[in-house]
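Asker: Have a look at this one.
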């Protein structure tokens, strides 16, 4: 319990009185504040460095709980700017139990790795960390806003347990890999200025793509999948402002619709009716999607014929008759496996076989359990590969199925 306890014996039994105590405590050079600051404390919040200059640590691992000499208190919150301006920080790990991070990490020039807790639901404000390359995205996430901007992150793999909304995040990154599994709404400027990513794939969970969501990008391919709830995907008139694309794979038998939302960013807009006051369905757009390329040109609808639009077999006539989609170069395409089976993002693990040796390379920032079976299904080996580690095991010649986390690999060892 917070404070020094004094006990008196009375007819009613023991009575505890709590002496006053400071509102903060220090552990391993990190400042924490009690929650709440007055009354009986129930937890701790990581605080800002008292000197205002940022913590000087090179590595910080926040514990799940701290004992102040009287009781254990769980660490459940991170203050805004708690890890701002930490000039020496290279590694940061936050504990389970923290559910929200908002404006806590920024301007850390040599920060390379951030490990977020699986309990995290809301992520905001990890910015201007030019060395940040590795960060995990917990399955509990439901909202990402103003997160991971101006960093060196090259891979974003979102696979939350619940549907998630993204807005004003992942800007000015050198993204090579983007996975949006179970993402439902991609809102205002969620992914802008992506100068490396060439293939963009939307999963069946996506309901809508908002204003300037993918602006100032240059794609070779964009893939759409029919919404799993049977809704028509809504695409804002300026969702792809100043963005070029060569091919669009539209695996949608329910044709996406164009819309304009004002004001943007409120509520579950894909499900609202057309007569809702927040929508301007009769709006005459300033432009249309894919009408403004990265060079700032302003073509006519007729110029959209330069973009190849692949649609499901039997849907060509429907798209060609549409006043917008009909301007593209429409071609029917045999979408047999669907978007999910077409995905070719770079996995976090690679498995290779050589002369009598099986090698597992784990590039993820978390350890990975590995199980090896022969072609008859018999268990041959189990081991753990540490984060960013490589393990090689001697194996007899043959074909093996190697299960690494949630992925499986077929490997031949000679």
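The values are calculated or read from the model by the stated rules, or taken from the named source; none is laboratory data. A quick note: this is a predicted structure, and the numbers were derived from the prediction, not measured. We place every Cβ from the backbone using ideal geometry, glycine too, and count neighbours over all the protein chains shown.
Asker: Residue 282 is checked against (1) at pLDDT below 85; (2) crowded, with 20+ Cβ neighbours inside 10 Å and fails just one. What number does that condition carry?
Answerer: Every condition holds for residue 282 apart from (2).
Asker: Would it be correct to say that residue 236 is surrounded by fewer than 19 Cβ atoms within 10 Å (Cβ to Cβ) and either under 20 Å from the mean Cα position of the chain (by Cα) or within 25 Å of residue 149 (Cβ to Cβ) (or both)?
Answerer: Against the criterion (surrounded by fewer than 19 Cβ atoms within 10 Å (Cβ to Cβ) and either under 20 Å from the mean Cα position of the chain (by Cα) or within 25 Å of residue 149 (Cβ to Cβ) (or both)), residue 236 does not qualify.
Asker: Of all residues in region 403-414, how many are part of a strand (DSSP E or B), under 26 Å from residue 133 (Cβ atoms) and in contact with a strand residue (DSSP E or B) (Cβ under 6 Å, 6 or more places away or on another chain)?
Answerer: Selection size over region 403-414: 2.
Asker: Also, I was wondering about something else. Any residue in region 111-122 that's in contact (Cβ under 8 Å) with a residue 60 or more places away in the chain: show its pairings with residues that are crowded, with 16+ Cβ neighbours inside 10 Å and outside any loop (DSSP other than H, G, I, E, B) at Cβ separation under 9 Å, as long as the two are six or more apart or on different chains.
Answerer: 113/91; 113/92; 113/134; 113/135; 115/91; 115/92; 115/134; 115/135
Asker: Quick check on my filter: what residues within region 382-400 are outside any loop (DSSP other than H, G, I, E, B) and exposed (fewer than 14 other Cβ atoms within 10 Å of the Cβ)?
Answerer: Residues satisfying the conditions are 382, 383, 384, 390, 392, 394, 399.
Asker: If you don't mind, another one. In region 84-101, how many residues are in a strand (DSSP E or B) and crowded, with 16+ Cβ neighbours inside 10 Å?
Answerer: Here the count works out to 4.
Asker: List the strands (runs of 3 or more DSSP E) that sit entirely inside region 25-70 and contain at least 1 residues that are free of Cβ contacts under 8 Å to residues at least 60 places away in the same chain and under 19 Å from residue 107 (Cβ atoms).
Answerer: Strands (runs of 3 or more DSSP E) meeting the threshold: 30-35, 43-46, 59-61.
Asker: Related question: Of everything in region 154-166 that's buried (at least 17 other Cβ atoms within 10 Å of the Cβ) and touching a strand residue (DSSP E or B) at 6+ places or on another chain (Cβ under 6 Å), which residue is modelled with the lowest pLDDT?
Answerer: 158
Asker: Run down 236, 242, 218, 226 and say which single residue is at pLDDT 80 or above and on the phi > 0 side of the Ramachandran plot.
Answerer: That would be 242, the only listed residue that is at pLDDT 80 or above and on the phi > 0 side of the Ramachandran plot.
Asker: In a loop (DSSP other than H, G, I, E, B) and more than 21 Å from residue 74 (Cβ to Cβ): which single residue out of 111, 141, 120 fits that description?
Answerer: 111
Asker: Can you say whether residue 229 is in contact (Cβ under 8 Å) with a residue 12 or more places away in the chain, in a loop (DSSP other than H, G, I, E, B) and surrounded by fewer than 21 Cβ atoms within 10 Å (Cβ to Cβ), as far as the supplied structure shows?
Answerer: yes
Asker: Just wondering, is there one or more residues in region 187-194 that are part of a loop (DSSP other than H, G, I, E, B) and more than 17 Å from residue 145 (Cβ to Cβ)?
Answerer: The answer is yes, given that some residue of region 187-194 is part of a loop (DSSP other than H, G, I, E, B) and more than 17 Å from residue 145 (Cβ to Cβ).
Asker: Kindly indicate whether any position in region 117-124 is in contact with a strand residue (DSSP E or B) (Cβ under 6 Å, 6 or more places away or on another chain), at pLDDT below 90 and crowded, with 19+ Cβ neighbours inside 10 Å.
Answerer: Yes: region 117-124 contains one or more residues that are in contact with a strand residue (DSSP E or B) (Cβ under 6 Å, 6 or more places away or on another chain), at pLDDT below 90 and crowded, with 19+ Cβ neighbours inside 10 Å.
Asker: Among the residues in region 334-347, are any surrounded by 15 or more Cβ atoms within 10 Å (Cβ to Cβ), touching a strand residue (DSSP E or B) at 6+ places or on another chain (Cβ under 7 Å), part of a strand (DSSP E or B) and at pLDDT below 90?
Answerer: Looking through region 334-347, none of the residues is surrounded by 15 or more Cβ atoms within 10 Å (Cβ to Cβ), touching a strand residue (DSSP E or B) at 6+ places or on another chain (Cβ under 7 Å), part of a strand (DSSP E or B) and at pLDDT below 90.
Asker: Further question: Conditions first: (1) in a loop (DSSP other than H, G, I, E, B); (2) touching a helix residue (DSSP H, G or I) at 6+ places or on another chain (Cβ under 6 Å). Residue 223 passes all but one, so which condition is the exception?
Answerer: Of everything listed in (1) in a loop (DSSP other than H, G, I, E, B); (2) touching a helix residue (DSSP H, G or I) at 6+ places or on another chain (Cβ under 6 Å), residue 223 misses just condition (1).
Asker: Sticking with this one: Name the residue, out of 41, 104, 80, that is buried (at least 18 other Cβ atoms within 10 Å of the Cβ), under 24 Å from residue 148 (Cα atoms) and at pLDDT below 95.
Answerer: 104
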